[in-house]
1. With a cut-off of at least 1 residues that are open to solvent by 50 Å² or more (accessible area, probe 1.4 Å) and more than 27 Å from residue 223 (Cβ to Cβ), name the strands (runs of 3 or more DSSP E) lying wholly within the stretch 240-354.
2. Hey, does the stretch 75-93 have a residue that's within 30 Å of residue 411 (Cβ to Cβ) and either among the hydroxyl-bearing types (Ser, Thr, Tyr) or open to solvent by less than 20 Å² (accessible area, probe 1.4 Å) (or both)?
3. Quick one: which residue in 322, 344 is in contact with a Lys or Arg (Cβ under 6 Å, 6 or more places away or on another chain) and at pLDDT 95 or above?
4. Tell me, please, whether a residue that is in a loop (DSSP other than H, G, I, E, B), charged (D, E, K, R) and open to solvent by 30 Å² or more (accessible area, probe 1.4 Å) can be found in the stretch 125-145.
5. Within the stretch 355-391, restricting attention to residues that are of a type in the set (S, T, N, Q) and more than 30 Å from residue 43 (Cα to Cα), which residue is surrounded by the most Cβ atoms within 10 Å (Cβ to Cβ)?
6. Among the residues that make up the stretch 292-304, is at least one of them over 30 Å from residue 250 (Cβ atoms) and modelled with pLDDT under 95?
7. Considering only the stretch 209-230, I want to know if a residue exists there that is more than 26 Å from the chain's Cα centre (by Cα), surrounded by 16 or more Cβ atoms within 10 Å (Cβ to Cβ) and of a type in the set (Gly, Ala, Ser).
8. Between residues in the stretch 52-71 that are in contact (Cβ under 8 Å) with a residue 12 or more places away in the chain and residues that are buried (at least 18 other Cβ atoms within 10 Å of the Cβ) and of a type in the set (Val, Ile, Thr), which pairs lie under 7 Å by C-beta distance while being six or more apart or on different chains?
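The values are calculated or read from the model by the stated rules, or taken from the named source; none is laboratory data. All values derive from a computational prediction rather than experimental measurement. We place every Cβ from the backbone using ideal geometry, glycine too, and count neighbours over all the protein chains shown. These accessible areas exclude ligands, DNA and RNA; they are computed on the full protein's heavy atoms, side chains included. Shrake-Rupley method; radii C 1.70, N 1.55, O 1.52, S 1.80 Å.
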Amino acid sequence: MSVTARAQFLMDMIDTSTSLGKGMISIYKKFDHLRISGYMQPQFQYASHKGIDSYSGGDFGSQSDNRFMLRRGRVRFDYAHFNKRNLPTVQFVFQFDGTERGVNIRDFWGRVFDGQWDIMALTMGMFARPFGYEVNLSSGDREAPERGRMSQILMRSERDMGGMLTFEPRALDHPLHWLKMDVGLFNGQGLSGPADFDSHKDLIARVAMKPTKLGIGGWKLSAGASILYGGMEQFTPEIYQMEDGKPAFRRDSAAANIGRIAPRHYYGGDAQLVIPNRKGLTQFRAEYIRGVQTATHLDTETPGVVPLRSAGFAPLYIRDFDGAYLSFLQHLGSEKHQLVLKYDWYDPNTKVKGRQIGSPLATSLSKADIRFDTFGFGYVYYFNENMKATFWFDRVWNEATALEEFADDIPDNVFTARLQYRF
């Protein structure tokens, strides 16, 4: 690996680790590199109603329909060491996020490379889970202000504590240089809780084809398949699952349920197509995920702590779900101007629909079983490689149900105007 290739390796490491890739400050020492990077995202938002629940940066205050906020303020430190053959041996990353809501660690991990063939690596610590495309697309690089509802619910904070083995040949003359495979074990609750609350671990794996030329005017295609096979321990005999052929949960209170693993199984596929234009790019992105999710009565987000109620442990609810997003991105005659369209849906319970939720025959169903669809569109202006402005509107629909508060589509649309500064 030449000195130039070594520098490119560092840039690739940053680009492929849900972080930053441009405008770096670099401090060089013999074979050692420290890179400091960061970005901040101040924004203004206006909602269609006061106090709405929102996946566009968090819920609004009960008496507020507009706000200024610092959505993210990230600073990241990357360190890498190379051996005498200019092959990477160690990488260390620390990243924190500081906003008006406090300071939190976002990444804290180390990676060891094989140092001989440059094809294998072992990562341990707090880092992004290797599932899907959107979860691993950096917030600094993403054109839409936020990840979709599905990604936020299933993979809140995107990160978890765990270990991961990666197969990724980096030499361009390697016959499998187009392939990347990740396999890891993780605690399961992400960063939603203070510590792992059971002994069960999530297995997450992803196989991806890196951007590959199709031989059609420079078109490039990338794609991936992901699986999460995990769950959480049951601390109560009460477990609820959907009855076959009926729009209602069935209660199981067998004492033998205590200690069993309630399933959390996700299966996903994604693809990205990039088409060069005379000035700029046309891009299409799509991702679909389906599976089984274990959560609680009023929420389908993976619990970060053991669910509790006044009488002790709260029962768990098992639901079949699916969701997807489709994105279209187009530069408008210049790389400085970009149009972005995105449609996504998340159906937390595919076995019930609409008015079945909240009906007298299905009293065990709740707002957590409602499907939501979102159409987002926006304009991005790139001042330069260190600054961009985003103007975005999310139109959100929920299915009409028999629940009084969701009898029709609720007003929960959000407009976002954001500036991003990065170094």
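1. The qualifying strands (runs of 3 or more DSSP E) are 249-252, 261-276, 337-347.
2. no
3. 322 is the lone residue from the list that is in contact with a Lys or Arg (Cβ under 6 Å, 6 or more places away or on another chain) and at pLDDT 95 or above.
4. Yes, the stretch 125-145 has at least one match.
5. 366
6. Looking through the stretch 292-304, none of the residues is over 30 Å from residue 250 (Cβ atoms) and modelled with pLDDT under 95.
7. No; the residues of the stretch 209-230 include none that is more than 26 Å from the chain's Cα centre (by Cα), surrounded by 16 or more Cβ atoms within 10 Å (Cβ to Cβ) and of a type in the set (Gly, Ala, Ser).
8. 54/414; 56/414; 56/416; 60/52
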